[in-house]
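Worksheet: one structure, shown below.
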């Protein structure tokens, strides 16, 4: 088991890593993922960056950190795993299609954490392959947060019949809130998340991937929706989101949320509520 | 309904106070106030409760925070249907907010509410210069392109410098420290007396922290669990080494430091509190505001002496009937000048219109658990800190014990209140 643990001395820096993760994979054979779990222990949270993250996403600066911030802490390990030689899939070019996370208990900004991520569940998709990046944040022996980011790797080859992935149907409805997303939002979120993917900040890069303008990071949209629920969220909860359509920058979007048994359903939509960019379900 | 009803202090909560630009540098007023509210909600089991009103304010306030308190309520664990109001009376804000809620309770307009305040000197609003502001407003009003260009052309390079808020009296151009330096000299307050008062403030506050006094009055925030201005090891000797910054005797050691923090007080109608299992600490008996004409030369920070005289007269009390005195330490010399004024036959006669001086007080009953010199002074948060501290102190002394709160404020104003242990 120990052989499968890739214990890093510290959080990898994203700039150089991302450069490698951005190189297109020339691999033509069956897709392959790293087998090891990347682990960094003793991670201290940067309170100033956390506060900056809170502001960019609309959260209050609280002692208890947002669960999406814990995802941000795991993100360098996503890049690490999907830029290494064991992986035929490169992070740049994959599409974040859905995300699940569970916060087991409130996590304080002052807590020192152990962070780990492993890649797995590679499965065929009609456009390539799906894979899961499974993150875990622990305080000693106690797991405090788990997250599963599901990415689509277009063109990747995996044996087997593509499974049909159900995408949630969202009925059009009037938004409760309207958010104006400025053109520079991608740069702001890059600063606080460390995700340097240029499709979020650069028009040419965005065009290269088929978008008319830069798109905001899906995890910003996710975080912004949780920030809107603010004190209505319980102390510990699970949240699942599906990223249905990218949000171009700048733009104005709508959002709605609705209490339901055991939690909330919510969505970020077009301004008029007719089309959904992201749907979320919060469960206690 | 029988009027008036009795408003009581049930308890309080604050963040630890932190020196400006340090541990809370990245938090704003709404964050700090939310943290203070949530700590209070947790302490008294109010999650999801709809209170009648929350009143609070900030002295250094961004224009975008026009509904600061309401926004903090919405971010707190209180029911989102809890109304809120922003108040502002310079450093009197926190106490005035407590009085506002207490008065509504007296009148039967509320049964339970929260009063308090917050200030972040770290996250102070920076404004554009007046010239730039006027040019931008004119350009915004302009209907044609030439009009707009003419408006924008009036901008000069000098207009582009940002303007930070200053603690300067608009009508005198003097900072609060400069005003107080005049008062200090006029009353002949010595450097030694100021340093002694400052050292006592630190010693008292440190002892109260060590004794666990603040365990049910403060909730840690962003890894800070004690007031960071507090220097338990300071002494008259160490304070004597500091060089004066205002006048000849006022130093950074005997003046309050710029501080970030928030403090709130839970207030309720006495019967309501008992019926809801919330034992009251102290009644809010009375309150008074007053102002002096500092533009005509009055001592800027001695307005509370007027308020105290009126309040005592209305209550038929002498100053010595009070068991505990909480005099906000804007500067050590403010407290000492206030004591001197109370003792001065001439001041009490000529300024306060009294037949006899209010007299000396027992100094061992003054700021017994320290005050703003040691705790720091996030302007609007100070009133809430003092009221919660005094209510708990009075309650410990037993039913009937009375305590006086006196807070001076910019603009030559003062807010005072009388509390009585339940």
**Message:** Let me confirm something: among B:55, B:36, which residue is assigned to a strand (DSSP E or B) and closer than 16 Å to residue B:385 by Cα?
**Reply:** B:55
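Condition check ((1) in contact (Cβ under 8 Å) with a residue 12 or more places away in the chain; (2) more than 23 Å from residue B:397 (Cβ to Cβ); (3) part of a loop (DSSP other than H, G, I, E, B)) across all residues:
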| site | (1), (2), (3) |
| --- | --- |
| B:278 | yes, no, yes |
| B:283 | yes, no, no |
| B:287 | yes, no, no |
| B:295 | yes, yes, no |
| B:302 | yes, yes, no |
| B:308 | yes, no, no |
| B:312 | yes, no, no |
**Prompt:** Which condition breaks for residue A:229 when tested against (1) surrounded by fewer than 22 Cβ atoms within 10 Å (Cβ to Cβ); (2) away from every other protein chain (no Cβ under 14 Å)?
**Reply:** (2)
**Request:** Please determine, by comparing only the residues of segment A:63-73 that are in contact with a strand residue (DSSP E or B) (Cβ under 6 Å, 6 or more places away or on another chain) and assigned to a helix (DSSP H, G or I), which one is farthest from the other protein chains (Cβ to nearest Cβ).
**Result:** A:71
**Prompt:** Which is assigned by TED's automatic domain parsing to the domain that holds residue A:271 and in contact with a strand residue (DSSP E or B) (Cβ under 6 Å, 6 or more places away or on another chain), of A:194, A:186, A:218, A:210?
**Reply:** A:218
**Request:** For residues that are part of a loop (DSSP other than H, G, I, E, B) and touching a strand residue (DSSP E or B) at 6+ places or on another chain (Cβ under 9 Å), tally how many sit in segment B:326-352.
**Result:** 3
**Test result for residue A:76, under 14 Å from the mean Cα position of the chain (by Cα), within 14 Å of another protein chain (Cβ to nearest Cβ) and touching a residue at least 60 places away in the same chain (Cβ under 8 Å)** = no
**Message:** Could you check segment B:58-71 and list, in sequence order, the residues that are touching a helix residue (DSSP H, G or I) at 6+ places or on another chain (Cβ under 8 Å) and outside any loop (DSSP other than H, G, I, E, B)?
**Reply:** B:65, B:68, B:69, B:71
**Message:** If I ask for residues that are surrounded by 19 or more Cβ atoms within 10 Å (Cβ to Cβ) and closer than 17 Å to residue A:43 by Cβ, which ones from segment A:107-125 would you list?
**Reply:** A:107, A:109, A:113, A:115, A:116, A:117, A:118
**Item:** Failed item in (1) in contact with a strand residue (DSSP E or B) (Cβ under 6 Å, 6 or more places away or on another chain); (2) farther than 30 Å from residue B:354 by Cα; (3) surrounded by 24 or more Cβ atoms within 10 Å (Cβ to Cβ), with residue B:284 passing the rest
**Value:** (2)
**Message:** If residue A:93 satisfies all but one of (1) buried (at least 22 other Cβ atoms within 10 Å of the Cβ); (2) away from chain B (no Cβ under 14 Å); (3) without any contact (Cβ under 8 Å) to a residue 60 or more places away in the chain, what's the number of the condition it fails?
**Reply:** (3)
**Prompt:** Which one of the conditions (1) without any contact (Cβ under 8 Å) to a residue 40 or more places away in the chain; (2) surrounded by 19 or more Cβ atoms within 10 Å (Cβ to Cβ) does residue B:382 fail to meet, given that it meets all the rest?
**Reply:** (1)
**Item:** Search result, residues across segment B:143-166 that are surrounded by 15 or more Cβ atoms within 10 Å (Cβ to Cβ) and over 38 Å from the mean Cα position of the chain (by Cα)
**Value:** B:148, B:151, B:155
**Prompt:** Are any residues in segment B:72-114 within 21 Å of the chain's Cα centre (by Cα), surrounded by fewer than 24 Cβ atoms within 10 Å (Cβ to Cβ) and either within 12 Å of chain A (Cβ to nearest Cβ) or in a helix (DSSP H, G or I) (or both), and if so, which ones?
**Reply:** B:100, B:103, B:104
**Message:** Take the conditions touching a strand residue (DSSP E or B) at 6+ places or on another chain (Cβ under 8 Å), more than 30 Å from residue B:19 (Cα to Cα) and surrounded by fewer than 20 Cβ atoms within 10 Å (Cβ to Cβ) and apply them to residue B:323. Does it pass?
**Reply:** yes
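Matching residues to (1) over 23 Å from residue A:220 (Cβ atoms); (2) in a loop (DSSP other than H, G, I, E, B); (3) touching a strand residue (DSSP E or B) at 6+ places or on another chain (Cβ under 7 Å):
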| site | (1), (2), (3) |
| --- | --- |
| A:51 | no, no, no |
| A:86 | yes, yes, no |
| A:90 | no, yes, no |
| A:98 | no, no, yes |
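Table: residues versus (1) surrounded by fewer than 23 Cβ atoms within 10 Å (Cβ to Cβ); (2) within 14 Å of chain A (Cβ to nearest Cβ).
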site: B:18; (1), (2): no, yes
site: B:22; (1), (2): yes, yes
site: B:31; (1), (2): no, yes
site: B:58; (1), (2): no, no
**Message:** Here is a list: B:296, B:330, B:313. Which entry is in contact with a helix residue (DSSP H, G or I) (Cβ under 9 Å, 6 or more places away or on another chain) and at negative phi?
**Reply:** B:330
**Request:** Kindly provide the set of residues from segment A:257-275 that are within 22 Å of residue A:182 (Cβ to Cβ) and surrounded by 19 or more Cβ atoms within 10 Å (Cβ to Cβ), ordered by number.
**Result:** A:267, A:268, A:269, A:273
**Fill in**
Those residues of segment B:1-33 that are within 19 Å of residue B:372 (Cβ to Cβ), part of a loop (DSSP other than H, G, I, E, B) and at pLDDT 95 or above come to a total of 3
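Yes/no matrix, rows are residues, columns are (1) closer than 26 Å to residue A:64 by Cβ; (2) part of a helix (DSSP H, G or I):
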site: A:205; (1), (2): no, yes
site: A:222; (1), (2): yes, yes
site: A:227; (1), (2): yes, yes
site: A:230; (1), (2): yes, yes
site: A:234; (1), (2): yes, no
site: A:240; (1), (2): yes, no
site: A:246; (1), (2): no, no
**Request:** Would you check which residues across segment B:205-215 are farther than 20 Å from residue A:108 by Cβ and surrounded by fewer than 17 Cβ atoms within 10 Å (Cβ to Cβ) and list them?
**Result:** B:207, B:210, B:211, B:212
**Request:** Would you confirm whether any residue within segment A:50-62 is within 14 Å of chain B (Cβ to nearest Cβ) and on the phi > 0 side of the Ramachandran plot?
**Result:** yes
**Fill in**
Residue hits (segment B:60-69; surrounded by fewer than 19 Cβ atoms within 10 Å (Cβ to Cβ) and modelled with pLDDT of 95 or more) are B:67
**Fill in**
(1) farther than 29 Å from residue B:253 by Cβ; (2) more than 13 Å from chain A (Cβ to nearest Cβ); (3) crowded, with 21+ Cβ neighbours inside 10 Å all hold for residue B:5 apart from (3)
**Message:** Looking only at segment B:37-48, filter to residues that are within 13 Å of another protein chain (Cβ to nearest Cβ) and surrounded by 15 or more Cβ atoms within 10 Å (Cβ to Cβ); which one of those is farthest from residue B:15 (Cα to Cα)?
**Reply:** B:46
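Results for (1) within 14 Å of chain B (Cβ to nearest Cβ); (2) in contact (Cβ under 8 Å) with a residue 40 or more places away in the chain; (3) touching a helix residue (DSSP H, G or I) at 6+ places or on another chain (Cβ under 8 Å); (4) surrounded by 23 or more Cβ atoms within 10 Å (Cβ to Cβ), shown as yes or no for each residue.
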residue	(1), (2), (3), (4)
A:34	no, yes, yes, no
A:40	no, yes, yes, no
A:45	yes, yes, yes, no
A:105	no, yes, no, no
A:127	no, no, no, no
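The values are calculated or read from the model by the stated rules, or taken from the named source; none is laboratory data. It should be emphasised that the depicted structure is a prediction, and the values quoted were computed from it without experimental measurement. No Cβ is skipped: glycine too gets one built from the backbone with ideal geometry, and neighbour counts run over all protein chains shown.
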